[in-house]
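Asks: Following this message is one structure expressed as structure tokens.
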């Protein structure tokens, strides 16, 4: 049953009392600071007129607020939800299973509740997550030289046509469009914020995107056209990127040294170099980036270049926010942008300074 959100006065009294009954059921957005908190947050309480209350984390993020670093409303939310934890464990134990709504109902779950929980924590439903997990297994079979029939079975599909159709919906092309002799190779990288597709040549990384990014199919088509096709595989830059991403999400390092070859014009490359000069744990506005590259009147062009970036995290477009401090659009989803900013804030000022010094070098100018 949905939690019936009380009026703002009641929620404000709960905030002042740090009432645990409301923890995870409602969140407060503080206009004066631009952050949102659990109602049990130990921080100094804001004035009533500076508060706005929302039912979900997603609503707070979509409203442009950042998560509080003291009460960490994003931190343990997923783990604290027993249904989410149980279903994630079930998915790990049987990744090949073709999950359906009937399966969830048979296990005693309310479909609306499960859908809402997964969308809030991960930006996707459990069934979408399970389908991507199956496709990843099929993708990895193909990338290691496996045959189509083997990939189909690994992905848990009954027929080759069903596997090809699901694959095409995800990547915008069928498995047969990937060429064995292509100079660019596509590999799958799993991360705590969702699976990613990496495309590399023998020497450079050309693309790194979350698989649910809407622009991914078009980006892959452009790369294939510019680079004489894309095949399956994990060249050295992809393996290096996977290792650096593991270290990043484990909190061990914020520096990426994988050689990059982003595809774009001179202005876009200039913006992307500037993005890499923003230290981890810090953010900049579009206007600040425009001034950094010596083009203070090109704020909109900077925003377009930021949105056109197709090497996520390593060219950190998530570090660019609105002039008022609010989160702005992000191709990987605002919930990921918020979490990336949170992750990087934990590295500390010294770590961030080290990242800025080491990663400020220009991305490689190799053609895609």
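Asks: Which residue is surrounded by the fewest Cβ atoms within 10 Å (Cβ to Cβ), if the candidates are limited to region 254-283 and must be without any contact (Cβ under 8 Å) to a residue 40 or more places away in the chain and in contact with a helix residue (DSSP H, G or I) (Cβ under 7 Å, 6 or more places away or on another chain)? Give the steps one after another, and end with the answer.
Replies: As a first pass, look at region 254-283 and keep what is without any contact (Cβ under 8 Å) to a residue 40 or more places away in the chain: 265-267, 270-271, 274.
In the following step, the residues that additionally are in contact with a helix residue (DSSP H, G or I) (Cβ under 7 Å, 6 or more places away or on another chain) were identified as 267, 271, 274.
Working: 267: 15, 271: 27, 274: 24.
By that ranking, first place goes to 267.
Asks: Considering only region 29-56, state which residues are in contact with a strand residue (DSSP E or B) (Cβ under 7 Å, 6 or more places away or on another chain) and under 24 Å from residue 323 (Cβ atoms).
Replies: If the condition is that a residue be in contact with a strand residue (DSSP E or B) (Cβ under 7 Å, 6 or more places away or on another chain) and under 24 Å from residue 323 (Cβ atoms), then 29, 30, 31, 34, 35, 36, 37, 46, 50, 51, 52, 54 are the ones that fit.
Asks: Any idea how many residues of region 111-126 are buried (at least 18 other Cβ atoms within 10 Å of the Cβ) and modelled with pLDDT of 85 or more?
Replies: Qualifying residue count, region 111-126: 3.
Asks: Have a look at 200, 143, 159 and point out the one that is over 30 Å from residue 24 (Cα atoms), surrounded by 19 or more Cβ atoms within 10 Å (Cβ to Cβ) and at pLDDT below 80.
Replies: Numbers: 200 fails: at pLDDT below 80; 159 fails: surrounded by 19 or more Cβ atoms within 10 Å (Cβ to Cβ).
Just one listed residue meets the conditions, 143.
Asks: Shifting gears a bit: Could you check residue 288 against (1) within 24 Å of residue 30 (Cβ to Cβ); (2) free of Cβ contacts under 8 Å to residues at least 40 places away in the same chain; (3) surrounded by fewer than 16 Cβ atoms within 10 Å (Cβ to Cβ) and say which number it fails?
Replies: Unmet condition: (3).
The values are calculated or read from the model by the stated rules, or taken from the named source; none is laboratory data. Given the structure is predicted, the values throughout are model-derived calculations rather than measurements. Backbone-built Cβ (ideal geometry, glycine too); neighbour counts: all protein chains shown.
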